[in-house]
1. On the accessible surface of the chain, probed at 1.4 Å, how many percent belong to carbon and sulfur atoms?
2. Give me the aspartates and glutamates in straight-line cross-link reach of Lys172: C-alpha distance below 19 Å, same-chain residues under 8 apart excluded.
3. Roughly how tilted is helix 137-164, in degrees to the nearest 10 and between 0 and 90, from the longest Cα axis of the chain?
4. Taking θ as phi - 60°, what are the ³J(HN,Hα) couplings along segment 335-348 by the Karplus curve (6.51, -1.76, 1.60), each to the nearest whole Hz, with x for Gly and Pro?
5. According to the Cα gyration tensor, what semi-axes, each the square root of 5 times an eigenvalue, does the equivalent ellipsoid of segment 138-264 have, listed from largest to smallest in whole Å?
6. Rounded to whole Å and ordered largest first, report the semi-axes of the equivalent ellipsoid of the chain derived from its Cα gyration tensor (root of 5λ).
7. Apply the Karplus curve 6.51 cos²θ - 1.76 cosθ + 1.60, θ = phi - 60°, to the phi angles in segment 280-290 and return the couplings in whole Hz, x for Gly and Pro.
8. Give me the orientation-averaged projected area of the Cα convex hull of segment 186-258, in nm², one decimal.
Amino acid sequence: MPRAVLLLAIAASTAWAHIGSPDVFFEGSAGPYPLFVTIRTPSVIPGVAQIEIRCQTPGLRKMLITPIPLVGEASRHPPTPDVMTTSKYDPQFFSGSLWIMETGSWQVRIQADGVRGPGRLSVPVAAVANRTKSMNLALGGILFALMLTLLAGIVSIAGAGVREAQLEPGAKVPPEYRRRARIVMAATAVLVVAILCLGNLWWSVEASDYSSNLYKPLQMGPALGGSKLILKLSDPGWIVSRKLDDFVPDHNHLMHLYMIQWPEMDRVWHLHPEMEGTGRFGQQLPDLPRGHYKLYADVVHADGFPETLAADFNVNADVHGQPLSGDDAAGTAGPTLPDGFRMVWDRDPGPLQPTKLQLFRFHIEDAQGRVAHDLELYMGMAGHAAFVRSDGAVFAHIHPSGTVAMPALALADPARGMNMDVPPSEVSFPYGFPGPGRYRIIVQLKRAGTVETGLFDALVE
């Protein structure tokens, strides 16, 4: 009975593409307007996404936002856009909300208008729900009391109708009418209770069905054959349309694998296993010391839906492998880089705060403190970064444009290339920590044909 009223409020801590880091952070331009976009993904599907946008230049008067599926026929028929609200304290800050109606790949289309004319930008969003929680106890108690009041009212109305509906005003109620009213009231009470029980049963079935469709990430099983790492992917069952062979290249690679020595996090490898069959990837390893490792692998499906697969991996003996080649790179914690240069975090003053969008800026300098101006593109980007929490529950692979997967961004805006121009001497990454804790920031920049890896510690209060 109480469950018929204490309805479950489904909530989700979305962690589809970036483990434990659900929000979307993006830096891009809507025509002439450079924007920082934060999308706080909904806790239920259907659910409401909260959107915050800051324009880096003045003159923007109006901002419209629209939720659109990333692919499919519905992507060609956008609904009426919503108008964002301008902050009364900051005319360059806008906020709004949008309903996301289905699980899958979405985009938030942003239309800007101001003194420099119109502009448009689309930001990909992956929408899933992956856990449930109960309704607030106080609210449930209020609803339960209201239910009892309604039940008593329905029974009383039924009894009064049988007892007095056929009497003249002021006439005395005959005893047989009273007996009939009591019978009808009892039958009404039984009927209403039966309806509530059936409603509770229906809701239980619906809740169970919803729970069975909560997001289940692809599973990854690592195995070592000599010096070769084998990754076998399996689907625990989530949605029928998900496949193990529909991955699309992200910077010319179907998989980006971070291999982090644990728990010290003082050594990291950024590798790119090749697909050898449906749900099977292989990677020739470099020299690797024995120990425990955490693996995080990024893949993107053909519809733009990104996933991060995670696994623990024990290496019981030193691996004597092959030298790194191509885009594969490695790094070790230390004050200087192997060539004597050092990577510097140009950190803003003050403590780091969770959920707040921040720009993390890095540059490389020589032993005399002179900034290196010969940075090169690494896999078409000015740099790559990964944010990892010390408990392993948070992992996010970030590009200078933000947290979105590049293939999804290409689907949202086909005119936008996946690669950047020549990188500046300082590379920045927009990100917001999902919660407090100790984090390791892994930054990779390329200069003089070599990928340089810097490891930084961050305490989020």
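1. The computed percentage sits at 56.
2. Output for Lys172: Glu164.
3. Tilt relative to the chain: about 20 degrees.
4. 3J(HN,Hα) across segment 335-348, in whole Hz: x, 10, 7, x, 8, x, 6, 9, 9, 10, 8, 7, 7, 5.
5. 67, 15, 12
6. 54, 28, 20
7. Rounded to whole hertz, the list is 9, 10, x, 8, 6, 7, x, 4, 9, x, 4.
8. It is 8.2 nm².
The values are calculated or read from the model by the stated rules, or taken from the named source; none is laboratory data. Nothing here was measured: the structure is a model prediction, and the numbers come from that model. Neighbour counts run over all protein chains shown; Cβ positions are idealised from the backbone, glycine included. Areas reflect the complete protein model, heavy atoms only, side chains present, ligands, DNA and RNA absent. Shrake-Rupley method; radii C 1.70, N 1.55, O 1.52, S 1.80 Å.
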